[in-house]
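Working notes, beginning with the structure itself.
The values are calculated or read from the model by the stated rules, or taken from the named source; none is laboratory data. For clarity, every value in this text was computed on a predicted model and none was experimentally measured. A quick note on method: Cβ atoms are made from the backbone with ideal geometry, for glycine too, and the neighbour counts reach across all protein chains shown.
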Amino acid sequence: MTVCALVEGSTVPWHPDGERDERSSGFDVEGSTVPWRPDGEPNAVTEYPPESVSQYNLVLDEGTEIAWRPTRRAFPKYSSRNALVQFSNARELETLDVPSGFISANESVFRLTDALVPARVEAQLDRLCSAAHEEQFEAGMESRFSRGLQQLCAYDPNAVLQSLRARLVNGNSAPEILTEMLEWASRQEAAALRDVIVDLFSIGLNSTSPLVRDAAASGLAYLDGDAAISYLKQAIEREQVPELLKDLEDLVHSLET
Amino acid sequence: MRVILRKLSQKRHWDNAPWLERGDMQADVTKCLATGENKLSVFVLDEPNEQVERVVAALAVMRENLAQLDPAVAPEGILEECGIQWASTQGKTPDFEVNEWHQDLIKLTIAKITRLAVAIKLKGQIKRYNYKQVAEAIKHSLDANYIGAERMGRNLAHSPQKRIII
């Protein structure tokens, strides 16, 4: 009996015609959408010989997490765009050759990576930013936008932060959206991300927008406490807006006492 | 002197931006004075030296995360100067006494909002409580039992940020 499992949230734009093969060992987990049998052919047999499976390619969205891994040996016709369904005994996860675009490991969960995930993150971030124009943000409160950023981070936090960095450098996003990004970033506590996030704030401190400079200063102070003081003092040297200058000075004073 | 207090959504809108003509203000200040049914929520304080921080704490503790809070404080007399009416309505913060200080400015118009913005700018103060000062304010109110710990905003109460406060 071969099994195939899709983890929660998998999106399957391809699936066979509508009738489920009741005897199939394929199963739906919550969120997946697979009425499970081959195109056009009612198949009472749940085992699919490797040479025939290639015609049943599942095209998974980039970034879909899968609980099984494909193998080049059995499915030579796969491409890096498609994730082939691999029918293997779930209790015997063997080490297999890993096709490009997949993480190699004995782990049971894989993600489409490298060129695929960052592109997906970028597209999702574009959509979030576009929708964010309609939102009213409030300091200290989560927003649809910040919650969306948090969900994106589950795919690849580094890809998200690099994309935010690019937006800060380009200055193409609205200042209110950039400030919301920075406030969200200040709450990311993973030590592994700290250097990347501090870099974000140091870029924000040099923004042409006083809103962004303010948010960067506040976020940096919150995230990094005493270590932020040197960055803030440099920002004070540059600041031209009197009111923001005073706020920066007060912030440094607050951190030093 | 009695004062009114209004929490601002973005302090930077009140800055004297370099591109502004003398005596003018950024149009975005009106975002901080956004009305609902032509009403605007403010607090009226008899003892601002003691009460401003308490209002800050009461507002901040309802949030999901610790962040700066920027109150605008101005003499209560500007309301009459601007022709603005008000009505006492209960606030909805976890500090019951702060709620007594709440007022709604009512029957507001474009002209009145504009006059109010100018009056706040000319006669008031735009303050900044950074996250540390907000945390201290909340702690004072918790220690003084102005706010019961059980009434903290749920997310703030269960977030890692609570360690900064307590």
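Residues in the range A:196-219 that are within 12 Å of another protein chain (Cβ to nearest Cβ) and assigned to a loop (DSSP other than H, G, I, E, B): A:207, A:208, A:209. The residues in the range A:220-244 that are out of contact with any Leu (no Cβ under 7 Å at 6 or more places or on another chain), surrounded by fewer than 17 Cβ atoms within 10 Å (Cβ to Cβ) and assigned to a helix (DSSP H, G or I) can be counted, and the count is 7. Here are the criteria: (1) surrounded by 17 or more Cβ atoms within 10 Å (Cβ to Cβ); (2) assigned to a helix (DSSP H, G or I); (3) within 14 Å of another protein chain (Cβ to nearest Cβ). Tell me which single one residue A:168 does not satisfy. Just one mismatch for residue A:168, condition (3). Apart from one condition, residue A:139 fits all of (1) surrounded by fewer than 14 Cβ atoms within 10 Å (Cβ to Cβ); (2) modelled with pLDDT of 90 or more; (3) in a loop (DSSP other than H, G, I, E, B); the exception is (1).
Yes/no matrix, rows are residues, columns are (1) surrounded by fewer than 16 Cβ atoms within 10 Å (Cβ to Cβ); (2) of a type in the set (Gly, Ala, Ser):
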{"residue": "B:67", "(1), (2)": "no, yes"}
{"residue": "B:71", "(1), (2)": "no, no"}
{"residue": "B:81", "(1), (2)": "yes, no"}
{"residue": "B:91", "(1), (2)": "no, yes"}
{"residue": "B:96", "(1), (2)": "yes, no"}
{"residue": "B:104", "(1), (2)": "no, no"}
{"residue": "B:125", "(1), (2)": "yes, no"}
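Of all the numbered requirements in (1) under 16 Å from residue B:64 (Cβ atoms); (2) away from every other protein chain (no Cβ under 11 Å); (3) not hydrophobic (A, V, I, L, M, F, W, C), residue A:134 misses one, and that requirement is (1).
In the range B:59-77, the qualifying residues are those that are more than 13 Å from chain A (Cβ to nearest Cβ) and not in a loop (DSSP other than H, G, I, E, B), and the one that is nearest to residue B:97 (Cα to Cα) is B:73.
Summed over the range B:1-43, residues that are free of Cβ contacts under 8 Å to residues at least 40 places away in the same chain and part of a helix (DSSP H, G or I) total 3.
Checked against the criteria, residue B:29 counts as within 14 Å of chain A (Cβ to nearest Cβ), under 18 Å from residue B:114 (Cβ atoms) and of a type in the set (Val, Ile, Thr).
Going through (1) of a type outside the set (Phe, Trp, Tyr); (2) touching a residue at least 12 places away in the same chain (Cβ under 8 Å); (3) not in a strand (DSSP E or B) one by one, residue B:111 falls short only on (2). Scan the range B:1-26 for residues that are within 9 Å of another protein chain (Cβ to nearest Cβ), within 18 Å of residue B:67 (Cα to Cα) and not polar (S, T, N, Q) and jot them down. B:11, B:12, B:13, listed by residue number. Against the test of being within 22 Å of the chain's Cα centre (by Cα) and over 26 Å from residue B:132 (Cα atoms), the options A:128, A:178, A:149, A:193 yield a single qualifying residue, A:128.
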